[in-house]
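One structure is given here, and the rest of the page talks about it.
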Amino acid sequence: MKKAIVLSSGGVDSTTCISLAIKDVGEQNVMTVSVFYGQRHSKELECARKIADHYGLVHKEIDLSKTGIMDDSNCPLLQGSNQDIPEHSYAEQIEQNGEGMVTTYVPFRNGLMLSAVAALAMASYPDDQVDIYLGAHADDAAGNAYADCSQDFTDTLGMAISIGTYGKVHLKAPLVNMNKAEVVKTGLELGTPYKLTWSCYKGGEKPCGKCGTCIDRANAFKANGVQDPALEEEV
């Protein structure tokens with residue numbers, strides 16, 4: 001029996017992947033997993049739980065914060081950082097600073113999380129083939145801003161995961177060649193519950209609307225001619 005595990009951040013991209021995984025293998029065969037690695041706020045973890053509950057999925061959380069791996073990083077997305085979160089789109093940041101790693105890149109985050117999830121997949125489903133879904137998309141990889149969102153990265157790590165799990169666990173990155181607007185279009189067609197998702201880097205009661213991920217999210221919904229469901233006022 002084919003199983004699917006979706007690395008869920010509670011955001012637009014990973015939640016779109018949940019919809020795709022359910023379409024591919026059915027709700028009863030999908031698990032979602034979130035990772036706490038010392039990020040600044042817990043909003044995304046809370047949303048990931050709500051999304052799993054919405055679909056009735058098994059949901060697990062992995063705590064990597066106690067490993068101390070991120071303790072010396074000054075990435076502004078992490079607890080203890082003294083850096084401010086940039087209030088510009090990724091395109092503007094690349095235009096200002098040139099191509100390459102942006103300040104909000106968490107050191108090898110996707111590699112770290114995917115390795116943990118691959119081990120979980122093999123332990124949880126020893127008799128099944130398992131696909132791990134990652135919500136990396138082309139806009140994040142553009143300008144080499146997030147190297148661990150590129151197709152080169154997902155292809156190479158996917159090969160390593162398959163080899164290291166005796167061909168039982170495989171990495172899928174179904175959005176890797178889509179831009180954010182195309183991701184949202186795909187999710188809207190699948191009825192993805194975007195109202196439950198969270199993207200803002202700053203946490204809080206409401207999205208700041210100024211950080212790179214807020215800006216890109218707003219532009220993606222605008223490109224599809226719809227209002228972001230998460231910003232609709234409760235009646």
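Were the residues from Glu27 through Ala160 laid out at 0.36 nm apart, the gain over their Cα-Cα distance would be 45.2 nm. Every Cα-Cα pair of the stretch 1-84 was included, and the share exceeding 21 Å stands at 36 percent.
Annotation: amide H-H contacts under 5 Å for Ile62 (H modelled 1.01 Å from N, sequence separation of 5 or more, or interchain): Ser34, Val35, Phe36. Pairs with C-alpha atoms separated by more than 29 Å, drawn from the list Lys43/Lys66; Lys23/Lys60; Lys168/Lys206; Lys168/Lys195; Lys3/Lys180; Lys66/Lys180, are Lys168/Lys206; Lys168/Lys195; Lys66/Lys180. Within the stretch 2-231, the ratio Rg/Rh, alpha carbon atoms throughout and Rh by Kirkwood, equals 0.94. Shape annotation for the stretch 136-195: C-alpha extents along the principal axes are 37, 28, 16 Å, from largest to smallest.
Using Cβ point charges alone (K and R +1, D and E -1), the dipole size of the chain about the Cα centre works out to roughly 420 debye. Our helix-only sum for the chain, with -39,500 (n - 2.57) per DSSP H run of n ≥ 4 divided by its residues, gives a mean residue ellipticity at 222 nm of -12000 deg cm²/dmol. Relative to its residue count, the stretch 99-147 spans a Cα convex hull of 68 Å³ per residue.
Relative to one another, the C-alpha centroids of the stretch 200-235 and the stretch 114-178 are positioned 27 Å apart. Extension gain for Asp63 to Ser124 (0.36 nm times residue separation, less C-alpha to C-alpha distance): 20.3 nm. Based on Cα atoms of the stretch 148-235, Rg over Rh with Rh as the Kirkwood radius reads 1.08. Applying 0.36 nm per residue to the separation of Cys208 and Tyr55 and subtracting their alpha-carbon distance, the gain on full extension is 52.3 nm.
Here the Karplus relation 6.51 cos²θ - 1.76 cosθ + 1.60, evaluated at θ = phi - 60°, turns the backbone of the stretch 212-217 into coupling constants of x, 6, 5, 5, 5, 5 Hz, with x for every Gly and Pro. Each of Met178, Met70 was scored by other Cβ atoms within 10 Å of its Cβ. Listed from fewest to most, they are Met178, Met70.
Placing a label point 7 Å from the Cα of Asp72 along the Cα-to-Cβ direction, the residues of the stretch 96-110 whose backbone N falls under 18 Å from that point are 106-109.
Comparing Ala119, Ala91, Tyr133 along the charge dipole axis of the stretch 90-157, the residue lying farthest to the positive side is Ala119, per the Cβ-charge model.
Values in this text are rule-based calculations from the coordinates and carry no lab data. It should be emphasised that the depicted structure is a prediction, and the values quoted were computed from it without experimental measurement. FYI the Cβ positions are ideal-geometry reconstructions off the backbone, even for glycines, and counts take in every protein chain you see.
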